[in-house]
């Protein structure tokens, strides 16, 4: 009796594995770029399939723009003599970027609890690719959210009077502000023993929305509160975006926004990296 061995023929082009010549040593820059791209694609695909993330990133900010305009436009416009859209639209765009970072922080905490971070740490990839890929995904989310809010803002009178350069400047401010806030949220999600710390950050984000110069002008607040409102990070970023859109005074709010963002990055980058290493190696 003869035994016939059957060998399945597999089309190598149908497999999702990289070519052998695409391999690079784990610590190399090439491995970092490739691993970061794969991580960013994984996170973006997960967000795109999550209805809660889509609602938080797109629908909720769009509804806020329209609701604030219906409630506040007449009173703010009569007080300042200009459309309230140039304050409310930047404010909502930035709050949308901050709220998305909180959702991302919750997802990161779930990955730590489920052991996914530990599994990824054991993979033969560059150690920094997971965090770099997450930040790249955050940058894409900020661009999409801000662009969508700006488009909705055109329905209530918001215009970028400075053209393409103004739009690029708005995206740059939003990304710097959003990524620095995301680094802070990531550090808190990884290092804090309080399981609800990310939710508390989200509540603080919503409160900050009512105490900034995008909500109402600074002179509408009590005198003792005015300096706090005027120089808090969200107000500075709102004024920078307003200046990019209208061609107004830019240097001061831009420098203040850059300063606040640099401070957050300097304070929370090391805790983020250390927290990720602990979460990945200890499970």
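Values in this text are rule-based calculations from the coordinates and carry no lab data. The model shown is predicted, which means the values in this text are computed figures rather than measured ones. Counting neighbours? That spans all protein chains shown, and the Cβs are built from the backbone with ideal geometry, glycine included.
In contact (Cβ under 8 Å) with a residue 60 or more places away in the chain and either surrounded by fewer than 22 Cβ atoms within 10 Å (Cβ to Cβ) or in a loop (DSSP other than H, G, I, E, B) (or both): which single residue out of 106, 94, 123 fits that description?
Numbers: 94 fails: either surrounded by fewer than 22 Cβ atoms within 10 Å (Cβ to Cβ) or in a loop (DSSP other than H, G, I, E, B) (or both); 123 fails: in contact (Cβ under 8 Å) with a residue 60 or more places away in the chain.
Testing whether each residue is in contact (Cβ under 8 Å) with a residue 60 or more places away in the chain and either surrounded by fewer than 22 Cβ atoms within 10 Å (Cβ to Cβ) or in a loop (DSSP other than H, G, I, E, B) (or both) leaves just 106.
Identify the single condition in (1) crowded, with 16+ Cβ neighbours inside 10 Å; (2) without any contact (Cβ under 8 Å) to a residue 60 or more places away in the chain; (3) more than 18 Å from residue 113 (Cβ to Cβ) that residue 170 does not satisfy, given that it satisfies every other one.
(2)
Out of region 237-252, which residues are surrounded by fewer than 24 Cβ atoms within 10 Å (Cβ to Cβ) and assigned to a helix (DSSP H, G or I)?
Of all residues in region 237-252, those surrounded by fewer than 24 Cβ atoms within 10 Å (Cβ to Cβ) come to 242-243, 245-252.
242, 243, 245, 246, 251, 252 - these are the residues of region 237-252 that are surrounded by fewer than 24 Cβ atoms within 10 Å (Cβ to Cβ) and assigned to a helix (DSSP H, G or I).
Among the residues in region 213-220, are any out of contact with any strand residue (DSSP E or B) (no Cβ under 9 Å at 6 or more places or on another chain) and more than 16 Å from residue 90 (Cα to Cα)? If you could, list the steps in order and put the result at the bottom.
Taking region 213-220 as the starting set, the residues that turn out to be out of contact with any strand residue (DSSP E or B) (no Cβ under 9 Å at 6 or more places or on another chain) are 213-220.
Filter again for more than 16 Å from residue 90 (Cα to Cα), leaving 219-220.
Yes, some residue in region 213-220 is out of contact with any strand residue (DSSP E or B) (no Cβ under 9 Å at 6 or more places or on another chain) and more than 16 Å from residue 90 (Cα to Cα).
In the list 101, 136, 40, 62, which residue meets the criterion of being in a helix (DSSP H, G or I), in contact with a helix residue (DSSP H, G or I) (Cβ under 9 Å, 6 or more places away or on another chain) and surrounded by 23 or more Cβ atoms within 10 Å (Cβ to Cβ)? Quick ask: steps written out before the conclusion?
Details: 136 fails: surrounded by 23 or more Cβ atoms within 10 Å (Cβ to Cβ); 40 fails: surrounded by 23 or more Cβ atoms within 10 Å (Cβ to Cβ); 62 fails: surrounded by 23 or more Cβ atoms within 10 Å (Cβ to Cβ).
Every option except 101 fails the conditions.
What about residue 118, is it under 22 Å from the mean Cα position of the chain (by Cα) and not in a loop (DSSP other than H, G, I, E, B)? Can you show your working first?
Details: under 22 Å from the mean Cα position of the chain (by Cα): no; not in a loop (DSSP other than H, G, I, E, B): yes.
It is false that residue 118 is under 22 Å from the mean Cα position of the chain (by Cα) and not in a loop (DSSP other than H, G, I, E, B).
Does region 65-81 hold any residues that are exposed (fewer than 13 other Cβ atoms within 10 Å of the Cβ) and either on the phi < 0 side of the Ramachandran plot or in a helix (DSSP H, G or I) (or both), and which are they?
Filtering region 65-81 down to residues exposed (fewer than 13 other Cβ atoms within 10 Å of the Cβ) leaves 67, 70-71, 74-75, 78, 81.
Result: 67, 70, 71, 74, 75, 78.
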